[in-house]
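**Student:** Okay, handing you the structure first.
The values are calculated or read from the model by the stated rules, or taken from the named source; none is laboratory data. All figures in this text were calculated on a predicted structure; none of them were measured in a lab. FYI the Cβ positions are ideal-geometry reconstructions off the backbone, even for glycines, and counts take in every protein chain you see.
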């Protein structure tokens, strides 16, 4: 009985092994299926990658920019079709060709410089360079270069059209600059040609008004002077507009008495208002400081223009000026000036054109019925902007207008010192004893005979001793022989002009007796460049023709007082 049990146990062991084999076979089948699935996925992925690579090659070859890979020695290793097309060579024929062969001779040095910098600093380089199409035709490219994997990779973009546009634009700007310079020279010449006879007309008019005239003569001469002044204002407006357009208008920065300036302008127009039975009103904010620093002359010019406009369009009622402060800080103060009239007003649909240049001639404003060029307000706008402000208008047809502008001005830190200096300056000028003018000798250089007569009469009336010469060489000859206290020097003269003469007077090597004699230019040139050139040549002051008699005498008195 025990023997039979042993045999049964043996068969049980064989059955167990058979089960294990079957399980192993099943596991292998599953893994085989998994491997087959992975293989199918791998084949699919490979196909996709091949497709992507094919598309990449197509994109690479047909890219809008050229791609070229070169060795450190400069040989082409690879390129796309775009690069080959840019250079006019088949892609296969580019390989192992030196890239330098396709570079314009004059640009090879710059190319070498950029590549050496790239290899040294491993940096990204971008520059413009001219290449050769089929070794003959030039075209402009922008090259971007990177260094990686011991290779230099270039991205080449054809910028020929852009480059020619830049060259054309540069030439256009150059031509415009030349045209602008020609215009400035023309305006300077025309200014001189017009101002010289106008100086004679207005000067003789002033002399006539000082003689005994009957009422009709006084009336006619007054009309002549008024017309001459209108013409000069037109000339000044045209020149100012030209300076602004050429960005050559410069602002002065001087300390001035705000209320004195405003009152001076207001009082002048008050006289005109009385003659026309108009009421004038002035309102100045009491909190405003007495002294400020800025371009007093430009402020006066804008106010004069706005007042002139108000008087032009107002036949009855009131004209007022309001001055107030805004946007204050420790350093600056913005002032607002408003000129209000009760005149004809402006149509609402034309207000936006009021400060546009050359629009009045088209009937764009009400003022076209009242005369004028329409340049004044344009100039006012530009000047206000130059002074850090703006300008505007509110108006209604038949109800009057308010023109306003703002200006940024500097506060005066040492008010007492500035007041004292200004007071001293006024005293220096006012304390000149006219009875002692005969002790002063003035040399006048003027080649225009009419202007000689005018200046002679002005100086004679003030008791000055003077001598007149008509060219720059005679000025030098006279100053070599005699001492003078002051020289009035015309700008345009034969032989030696005013600039050349002034420079020689200041030259220590010249034979003139007094190299420091004050020189006041009397010139018909009103351009900023001429004014600057005059000061650089050694002139002390600069008066533009037609010369205002009072300004000429004040300037003479100022420099004679300084000679004491």
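**Student:** For the stretch 83-94, which residues satisfy the criterion of being free of Cβ contacts under 8 Å to residues at least 40 places away in the same chain and surrounded by 14 or more Cβ atoms within 10 Å (Cβ to Cβ)?
**Tutor:** 84, 85, 91, 94
**Student:** So in the stretch 480-497, with the set limited to residues that are surrounded by 14 or more Cβ atoms within 10 Å (Cβ to Cβ) and out of contact with any strand residue (DSSP E or B) (no Cβ under 7 Å at 6 or more places or on another chain), which one is modelled with the lowest pLDDT?
**Tutor:** Result: 492.
**Student:** Given the conditions (1) in contact with a helix residue (DSSP H, G or I) (Cβ under 8 Å, 6 or more places away or on another chain); (2) touching a residue at least 24 places away in the same chain (Cβ under 8 Å); (3) under 30 Å from residue 183 (Cβ atoms), which single one is not true for residue 471?
**Tutor:** Result: residue 471 passes all but (1).
**Student:** Does the stretch 474-490 hold any residues that are assigned to a strand (DSSP E or B) and either within 15 Å of residue 517 (Cβ to Cβ) or touching a residue at least 60 places away in the same chain (Cβ under 8 Å) (or both), and which are they?
**Tutor:** 486, 487, 488, 489
**Student:** Being out of contact with any helix residue (DSSP H, G or I) (no Cβ under 9 Å at 6 or more places or on another chain) and either closer than 18 Å to residue 82 by Cα or surrounded by fewer than 16 Cβ atoms within 10 Å (Cβ to Cβ) (or both) is the filter here; which residues of the stretch 115-124 pass it?
**Tutor:** 116, 117, 119, 120, 121, 122
**Student:** When you look at residue 562, is it in contact (Cβ under 8 Å) with a residue 60 or more places away in the chain, surrounded by fewer than 18 Cβ atoms within 10 Å (Cβ to Cβ), farther than 25 Å from residue 229 by Cβ and in contact with a helix residue (DSSP H, G or I) (Cβ under 9 Å, 6 or more places away or on another chain), yes or no?
**Tutor:** Taking the combined requirement at face value, the residue satisfies it.
**Student:** Of these, 214, 237, 175, which one is within 34 Å of the chain's Cα centre (by Cα) and at pLDDT 85 or above?
**Tutor:** 175
**Student:** Please count how many residues of the stretch 517-534 are modelled with pLDDT under 90 and in contact with a strand residue (DSSP E or B) (Cβ under 6 Å, 6 or more places away or on another chain).
**Tutor:** Here the count works out to 4.
**Student:** Looking at (1) part of a helix (DSSP H, G or I); (2) within 22 Å of residue 448 (Cα to Cα), which one does residue 546 not meet, given that it meets all the others?
**Tutor:** (1)
**Student:** Let me ask something else about it. Give the number of residues within the stretch 498-516 that are surrounded by fewer than 20 Cβ atoms within 10 Å (Cβ to Cβ) and either assigned to a loop (DSSP other than H, G, I, E, B) or at pLDDT 95 or above (or both).
**Tutor:** Number of matching residues: 9.
**Student:** So which helices (runs of 4 or more DSSP H) are wholly in the stretch 1-95 and hold at least 1 residues that are more than 30 Å from residue 133 (Cβ to Cβ) and modelled with pLDDT under 85?
**Tutor:** 2-62
**Student:** Determine, yes or no, whether residue 422 is at pLDDT below 85, surrounded by fewer than 17 Cβ atoms within 10 Å (Cβ to Cβ), at negative phi and touching a strand residue (DSSP E or B) at 6+ places or on another chain (Cβ under 9 Å).
**Tutor:** So residue 422 fits the description; yes.
**Student:** Can residue 99 be described as farther than 13 Å from residue 154 by Cβ, surrounded by 14 or more Cβ atoms within 10 Å (Cβ to Cβ), in contact with a strand residue (DSSP E or B) (Cβ under 8 Å, 6 or more places away or on another chain) and at pLDDT 90 or above?
**Tutor:** Here the answer is no, as residue 99 does not meet what is asked.
**Student:** Here's a follow-up. Which residue pairs have Cβ atoms closer than 6 Å, lie 6 or more positions apart in sequence or on different chains, and pair a first residue in the stretch 214-238 that is farther than 16 Å from residue 201 by Cα with a second residue that is surrounded by 13 or more Cβ atoms within 10 Å (Cβ to Cβ) and at pLDDT below 70?
**Tutor:** Within 6 Å, the pairs are 237/375.
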